[in-house]
């Protein structure tokens, strides 16, 4: 009697473990996916901030040499935006919004914004696996303000 009882208790505990694992494993996988995608978003945001800083710095320097640059998007693209590329994050100069030159304040500044728009400008979708179709709702952006020289 005793051996049969121990065997059946072992069988019950194995069944309970399998049932709990069938709930736990998908939750762990989902948590890992969320952590990885949030980490990727943070990394992309940092890259966008760096690209905006570089663009603002380069625009400030170029403005010191050619003040007409403030009113010419094509000149801004040629001298600055076309040179800033980060594979699959900053692929096109159109990702940069029109810079804001504030020449009235002291010190005079330029403000630049750059955005990551999923599936636009040749960019990959974000999040990469998008079962809920939320990718187009995510817009990552970076911005920077720099003193004009």
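Name the most mobile residue of 52, 18, 70, meaning the one with the largest mean-square fluctuation, in a Gaussian network model of the chain with Cα contacts below 10 Å. In this elastic network of the chain, the residue with the biggest mean-square fluctuation among 52, 18, 70 is 18. One decimal place: the segment residue 132-residue 33 gains 34.3 nm when fully extended, by the rule 0.36 nm per residue minus the C-alpha distance. For the pair residue 17 and residue 40, a Förster radius of 22 Å applied to the C-beta separation gives a FRET efficiency near 0.05, rounded to the nearest 0.05.
Quick one: if the Förster radius is 25 Å, what FRET efficiency do residue 106 and residue 75 give, using the C-beta to C-beta distance and rounding to 0.05? Don't jump to the answer; show the numbers that get you there.
Details: r = 25 Å, r/R0 = 1.01.
Approximately 0.50, to the nearest 0.05.
Where only DSSP H runs of four or more residues are counted, the chain gives -17500 deg cm²/dmol as its mean residue ellipticity at 222 nm, each run worth -39500 (n - 2.57).
If you average the sequence gap of Cα pairs under 8 Å that are 6 or more apart and divide by the length of the chain, what percent do you get for the contact order?
Working: 181 pairs, mean separation 39.4, N = 149.
Across the chain, relative contact order equals 26 percent.
Since every read-out is calculated from the coordinates, none of them should be taken as a lab result. Quick caveat: nothing in here was measured; it's all calculated off a predicted structure. Ideal geometry is used to build each Cβ from the backbone, glycine not excepted, and the neighbour counts take in all protein chains shown.
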